[in-house]
1. Among rounded, prolate and oblate, which fits the range 100-143 when a ≥ b ≥ c are the square roots of the eigenvalues of its C-alpha gyration tensor, a/c under 1.5 means rounded, and a/b larger than b/c means prolate?
2. Whole-Hz ³J(HN,Hα) for each residue in the range 152-162, computed from phi via Karplus 6.51 cos²θ - 1.76 cosθ + 1.60 with θ = phi - 60°, x for glycine and proline: what do you get?
3. Would you work out which of F308, T130, M201 lies farthest towards the positive end of the dipole of the chain, given +1 charges on the beta-carbon of Lys and Arg and -1 on that of Asp and Glu, about the Cα centre?
4. Taking every eigenvalue of the Cα gyration tensor of the range 1-129, multiplying by 5 and rooting it, what semi-axes result, largest first, whole Å?
5. How far is it, in nm, from the label point at T142 to the one at D259 when both lie 7 Å from their Cα along the line to the Cβ?
6. Choose one of I38, N115, I261: the residue whose Cα lies farthest towards the positive end of the charge dipole of the chain (beta-carbon charges +1 Lys, Arg; -1 Asp, Glu; about the Cα centre).
7. May I ask you to list, by number, the DSSP H helices of the chain whose Cα span along the axis is at least 27 Å and whose average Kyte-Doolittle hydropathy reaches -1.0 or more?
8. Within the range 250-369, how many Lys pairs sit with Cα atoms under 20 Å apart, leaving out pairs fewer than 8 places apart on the same chain?
Amino acid sequence: MPKLIHAADVHLGAKFLSFGEKANQQREQLKKTFENIINKAVEEKADFLLIAGDLFDANRVHQSLVDFVKTQFKKLKENDIQAVIIPGTHDCLSPDSVYLREGFAKEFPNVHVFNDPAVNFKIFEEFDLTIWAKPNVSNKSTKSPVVKLEPKDKKTKYNILMAHGSLQIPGKSSPDAYPIAFEEIASSGMDYVALGDWHSMADYSRGSVKAFYSGSPEIIDLDQKGSGYVLLVEIAGETKISPLKIGSREVDELDISLDEIQDGSELREMILKGNAPNLIRTVNIKGFSDPELAVIPDELEEELQDKFFILRINDVSHPKIELIEEKNYPPETVIGRFIRLMKERIGAATTEEEKRIAEEALRIGVAELEGKEVIE
């Protein structure tokens, strides 16, 4: 039975601009994670490593990075593991494609890249297996990346489809992001569909067809959840899918209400709870602020940053009504005029509901005018 490792969206060479001074560390971590994927394929005695697009973050990558990838492909060759790769949206098969320029398959007979739009299948006779795929030829397209075929086209016992694109889910996908219809999955008759493009691992199987996004094996975005995996795929009768943890970074998000905090030390304790050197944490400080407990996000981040890989603190708290005093806001300012207007409305409210709405509008309005991000 064929045994495969399904990976995608490694994004080697990504710039990680949002990671600030940690960008270079994360770029190096991607290389370590890719090496972990290769080692995992060897450890699991896999027959194939499938890379469903965006191995590279761009086609213009440094030669040292290409040489690093070749070193890893050599390990696969030494262990009789086939690598099958499709160009994605970041490393698409454009005229400057890294896959056309480097010719990985010429150096490594165990590496097959779908780098010809006219050829959309590869038969591996030893495994009685056909892998169907076609390369993405540009960053965007309204055309589906799924190979269209009839049952008569299948000449082997096992058939696997690879595609890099977005399943058509309202509000989640764009029509020019290589759209994939659920019906294309359900009617494919494949033993497995290896998807790439989305960075979170997800199961989109339909009917008897197993279809998965493996997600990024390492975190690409600061708020990314569901990444850090590759999938072990075993095809024998019913296809078996097993997620394998491969990435090092973790992401979480905490909401801390100032209503439950007594002092600064308690706030720091809550922020630090569960801290780890590979954790990217976002903290949203909510509730009603008090002058006795001043929250300065930049200072807190700087003080506690070394306890995490990255720490982000957002102050989205609102001032207490009784602490919004007109004397502190000159009447000629926008915020001063707003406060006086809303306090008039609070005083003129004829029902508790009207008063509650006006008070909430005052709190939110003052927070926004003071430059705070408001999360409701």
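Taken together, the values in this text are just the output of simple stated rules run on the coordinates, not laboratory data. What you see is a predicted model; the values in this text were computed from it and never measured. Cβ sites come from the backbone with ideal geometry, for glycine too, and all protein chains shown count toward neighbours.
1. Since a/c reaches 1.5 but b/c is at least a/b, the shape of the range 100-143 is classed as oblate.
2. Running phi through 6.51 cos²θ - 1.76 cosθ + 1.60 with θ = phi - 60° gives 5, 6, 7, 10, 10, 5, 10, 9, 10, 10, 10 Hz.
3. Farthest towards the positive end: T130.
4. 25, 18, 12
5. The two pseudo-label positions are separated by 4.9 nm.
6. Result: N115, furthest along the dipole toward the positive end.
7. none
8. Final tally of qualifying lysine pairs is 7.
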